[in-house]
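Below is one structure, written out as structure tokens; comments come after it.
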2 protein chains.
Amino acid sequence: MKNTMPTFTNIEEAAARIAGNIHTTPLLKSRTFNEQTGTITYFKAENLQRIGAFKIRGAFNKILQLSDDEKSRGIVTYSSGNHAQATALAARSANIQCLVVMPEKARTSKRTATEGYGAQVVLAGKTSEDRFNRAMELHKESGYTIIPPYDDSYIIAGQGTCGMEIVKQYSDVDAVLAPVGGGGLIAGCALAIKTLKPTVRVIGVETEGADDANQSFRQKKLIRYEKTVTIADGMRNLSVGNLNFEMILRYVDDMLTVSDADVIEMMRFFFERMKIVAEPTGAVAPAAVRVHSDMFKGKKVCAIISGGNIGTEDFCSLLNYS
Amino acid sequence: MKNTMPTFTNIEEAAARIAGNIHTTPLLKSRTFNEQTGTITYFKAENLQRIGAFKIRGAFNKILQLSDDEKSRGIVTYSSGNHAQATALAARSANIQCLVVMPEKARTSKRTATEGYGAQVVLAGKTSEDRFNRAMELHKESGYTIIPPYDDSYIIAGQGTCGMEIVKQYSDVDAVLAPVGGGGLIAGCALAIKTLKPTVRVIGVETEGADDANQSFRQKKLIRYEKTVTIADGMRNLSVGNLNFEMILRYVDDMLTVSDADVIEMMRFFFERMKIVAEPTGAVAPAAVRVHSDMFKGKKVCAIISGGNIGTEDFCSLLNYS
């Protein structure tokens with residue numbers, strides 16, 4: 001499969017390929033949330049996924065289909081967030097050498113976590129471009145296969161298995177909301193959902209300080225920001241991927257935004273009312289159901305909690321008790 | 001049923017009576033926890049129970065069996081923790097008037113929460129004795145039925161449904177650990193478990209600063225402390241109940257303690273690794289599996305997370321980022 005748009009068949013293949021390596025995460029609900037919003041909302045709990053985020057789906061799908069030759073040469077990735085941990089875990093489980101390119105000043109805790117999954121950290125410069133370039137060098141010079149975070153057919157197909165699960169678990173769902181960072185999750189889920197049940201509305205959500213995909217969607221051309229400012233670190237990308245954007249235009253019905261303050265309130269609600277932890281990016285799509293509840297009154301909604309990876313220290317500092 | 005020890009049949013009746021009003025909570029596991037402890041541990045997630053704690057089981061069981069006459073006169077309780085919320089919710093759902101006696105200086109947030117469940121707050125003195133006496137007055141003068149927090153046959157039978165679920169969900173379990181406050185949960189669960197599978201070891205856990213039940217268990221007589229000091233507010237009782245103690249002596253195999261610091265580490269683990277929230281009392285039994293892991297090596301263990309009711313502010317202050 002070249003790096004072209006995946007098909008629904010590719011998502012079905014992905015589901016078969018990664019089964020046993022990922023969890024079928026539960027749909028959770030809160031009576032209080034539903035009373036407050038006038039909706040019948042279920043949260044797809046990818047915060048309870050392995051490594052604490054949906055990213056493990058794409059990582060396993062990409063890695064498990066590598067040729068024996070590629071596997072023997074090892075892999076490299078240049079994202080330091082959930083994708084890096086997902087790639088490291090999938091690589092370890094497939095017994096493949098894994099390099100993760102991180103900024104020279106990466107936090108010790110992030111290095112330790114990545115090394116804890118058995119990956120080797122390579123330091124390079126300050127910017128994401130520095131890291132991408134270093135990964136490309138490692139690819140060209142030593143044959144490491146690059147595992148991109150989102151702009152990749154296998155990664156997108158892997159993330160799409162989440163959308164497939166949602167339709168199976170909540171067959172009469174009216175609308176599905178997913179957060180949009182690089183666009184892997186929304187692209188894959190939109191393809192899966194629109195294939196299985198075309199009447200379901202698929203909606204992408206960003207924070208106001210990182211609404212590049214909203215702008216791209218409205219203007220129908222791929223916008224790249226100079227910078228993004230948001231507590232939702234999973235959507236600090238300056239733009240979505242090319243493949244991702246093509247799929248968003250084709251399959252996504254609408255895009256919404258919420259504020260950072262909305263995200264924090266949603267995180268607090270998850271903690272206090274539902275006893276679960278969402279990282280900021282993970283609370284973005286759920287927050288949109290509350291903020292834009294007029295759009296969803298009486299509807300059967302599924303909002304994806306994309307991840308739950310936040311330390312207690314960062315959590316408490318965000319919630320303003322630091 | 002007089003206030004004598006419940007039988008296993010009473011627990012089966014309780015399960016039938018409260019079905020539909022409570023959740024069958026899931027068993028959760030963590031590969032990391034199992035690697036660290038060398039056990040095969042599942043956590044019974046009563047933090048995901050309605051009102052965020054197992055207390056709803058006993059409250060519904062007690063309230064749903066009241067006579068029409070008792071129901072029409074209303075109920076009163078004198079605990080201000082999870083039992084009060086459970087009683088208030090069960091009463092509202094059965095359309096019964098509910099009074100909750102609280103100390104004169106009760107926190108506004110606690111009053112608001114209790115009133116939010118539709119209960120009426122009655123203020124009385126400072127000590128738990130003041131509150132108990134006021135409840136007795138309301139019972140004698142106006143016919144309100146007292147819903148005691150633990151020293152009651154129906155309450156114990158209700159909490160026992162949790163133990164029954166554990167044996168059904170984890171049929172080859174070797175040991176079950178439950179926290180011990182007033183002793184309702186451990187007494188009911190021990191009866192259920194020992195009836196269904198007598199070889200399962202049933203173990204009660206307390207914090208070091210509130211180990212009255214440990215002492216009572218070892219000395220085989222009911223010890224009442226002058227005071228208890230622990231972050232686990234669900235086990236600040238000065239002693240277990242009479243009925244509870246009788247059942248502990250008969251059905252419980254062992255009692256353990258953990259420190260407050262162990263509890264905090266367990267809460268942090270739940271948050272960071274499992275993305276779930278446990279209140280201090282809820283982390284006590286799980287902490288014992290780690291602290292006393294030598295006792296459980298290679299064993300199939302179930303530790304009950306009894307509740308998850310803690311605000312973000314208290315959580316962050318406990319975890320020392322305040």
Point to revise | Enumeration of residues in the stretch A:6-59 that are within 14 Å of another protein chain (Cβ to nearest Cβ) and among the aliphatic types (A, V, I, L, M) | key: A:I22, A:L27, A:L28, A:A45, A:L48, A:I51, A:A53, A:I56
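Let's see how each residue does on (1) under 17 Å from the mean Cα position of the chain (by Cα); (2) modelled with pLDDT of 95 or more; (3) farther than 24 Å from B:G182 by Cα:
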| position | (1), (2), (3) |
| --- | --- |
| B:I18 | yes, yes, no |
| B:T32 | no, no, yes |
| B:I51 | yes, no, no |
| B:L66 | no, yes, no |
| B:Y78 | yes, no, no |
**Study point:** Single residue of the stretch A:267-295 satisfying the filter (within 14 Å of another protein chain (Cβ to nearest Cβ) and not in a helix (DSSP H, G or I)) that is farthest from A:S80 (Cα to Cα)
**Key:** A:K275
Practice item. Could you tell me which of the residues A:N237, A:N242 is over 30 Å from B:E313 (Cα atoms) and surrounded by fewer than 18 Cβ atoms within 10 Å (Cβ to Cβ)? Key: A:N242
Review point. Can you name the helices (runs of 4 or more DSSP H) wholly within the stretch A:30-108 that have at least 1 residues being over 30 Å from A:V167 (Cβ atoms)?
Key: A:68-73, A:82-93
Exercise for review: Return yes when A:K197 is touching a Pro at 6+ places or on another chain (Cβ under 6 Å), of a type in the set (K, R) and farther than 22 Å from A:A53 by Cα and no when it is not.
Suggested key: no
Practice item. Determine which single condition B:T228 fails, assuming it passes every other condition in (1) within 12 Å of chain A (Cβ to nearest Cβ); (2) touching a Ser or Thr at 6+ places or on another chain (Cβ under 9 Å). Key: (1)
Check your understanding: Within the stretch B:226-257, can you find the residues that are hydroxyl-bearing (S, T, Y) and under 16 Å from B:L177 (Cβ atoms)?
Key -> B:Y251, B:T257
Practice item. Can you confirm whether the stretch B:276-285 contains a residue that is in the same structural domain as B:G38 (by TED's automatic domain parsing) and surrounded by fewer than 20 Cβ atoms within 10 Å (Cβ to Cβ)? Key: no
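Yes/no matrix, rows are residues, columns are (1) crowded, with 24+ Cβ neighbours inside 10 Å; (2) in the same structural domain as A:K300 (by TED's automatic domain parsing); (3) in a loop (DSSP other than H, G, I, E, B):
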residue: A:E141; (1), (2), (3): no, no, no
residue: A:G158; (1), (2), (3): yes, yes, no
residue: A:T161; (1), (2), (3): yes, yes, no
residue: A:M164; (1), (2), (3): no, yes, no
residue: A:V167; (1), (2), (3): no, yes, no
residue: A:V173; (1), (2), (3): no, yes, yes
residue: A:A178; (1), (2), (3): yes, yes, no
residue: A:G182; (1), (2), (3): yes, yes, yes
residue: A:L185; (1), (2), (3): yes, yes, no
Check your understanding: Does the stretch A:251-261 contain any residue that is within 14 Å of another protein chain (Cβ to nearest Cβ), surrounded by fewer than 21 Cβ atoms within 10 Å (Cβ to Cβ), assigned to a helix (DSSP H, G or I) and of a type in the set (D, E)?
Key -> no
**Study point:** Filter pass, B:I22 being farther than 21 Å from B:N237 by Cβ, aliphatic (A, V, I, L, M), out of contact with any strand residue (DSSP E or B) (no Cβ under 9 Å at 6 or more places or on another chain) and surrounded by 19 or more Cβ atoms within 10 Å (Cβ to Cβ)
**Key:** yes
Review point. Considering B:I63, B:I75, B:I40, which residue is touching a residue at least 40 places away in the same chain (Cβ under 8 Å), of a type in the set (A, V, I, L, M) and in the same structural domain as B:Y170 (by TED's automatic domain parsing)?
Key: B:I40
Exercise for review: Those residues that are surrounded by 18 or more Cβ atoms within 10 Å (Cβ to Cβ) and not in a helix (DSSP H, G or I), I need them from the stretch A:6-19; list them, please.
Suggested key: A:P6
Study note, to complete from the structure: Output for Cβ contacts, cut-off 8 Å, separation at least six or different chains, first residue in contact (Cβ under 8 Å) with a residue 40 or more places away in the chain in the stretch A:247-267, second among the hydroxyl-bearing types (S, T, Y), reads A:I248/A:S216; A:T257/A:T207; A:V258/A:T207; A:S259/A:T207; A:D260/A:T207; A:D260/A:T230; A:V263/A:T207
Review point. Does A:I203 satisfy the condition of being of a type in the set (V, I, T), in the same structural domain as A:P26 (by TED's automatic domain parsing), outside any loop (DSSP other than H, G, I, E, B) and under 19 Å from the mean Cα position of the chain (by Cα)?
Key: yes
Check your understanding: With respect to the numbered conditions (1) closer than 13 Å to B:G163 by Cα; (2) in contact with a Ser or Thr (Cβ under 6 Å, 6 or more places away or on another chain), which one is the sole condition not fulfilled by B:E206?
Key -> (1)
Study note, to complete from the structure: Of the residues in the stretch B:296-310 that are under 15 Å from B:G234 (Cα atoms) and of a type in the set (G, A, S), the one that is farthest from the other protein chains (Cβ to nearest Cβ) is B:S306
Check your understanding: Given (1) outside any helix (DSSP H, G or I); (2) more than 27 Å from A:G311 (Cβ to Cβ); (3) of a type outside the set (S, T, Y); (4) under 16 Å from the mean Cα position of the chain (by Cα), where does B:I231 come up short, assuming only one miss?
Key -> (2)
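The values are calculated or read from the model by the stated rules, or taken from the named source; none is laboratory data. Treat the numbers as computed from the prediction; the structure is a model and nothing was measured. Cβ coordinates were reconstructed from backbone atoms using ideal geometry, including for glycine residues, and neighbour counts include every protein chain displayed.
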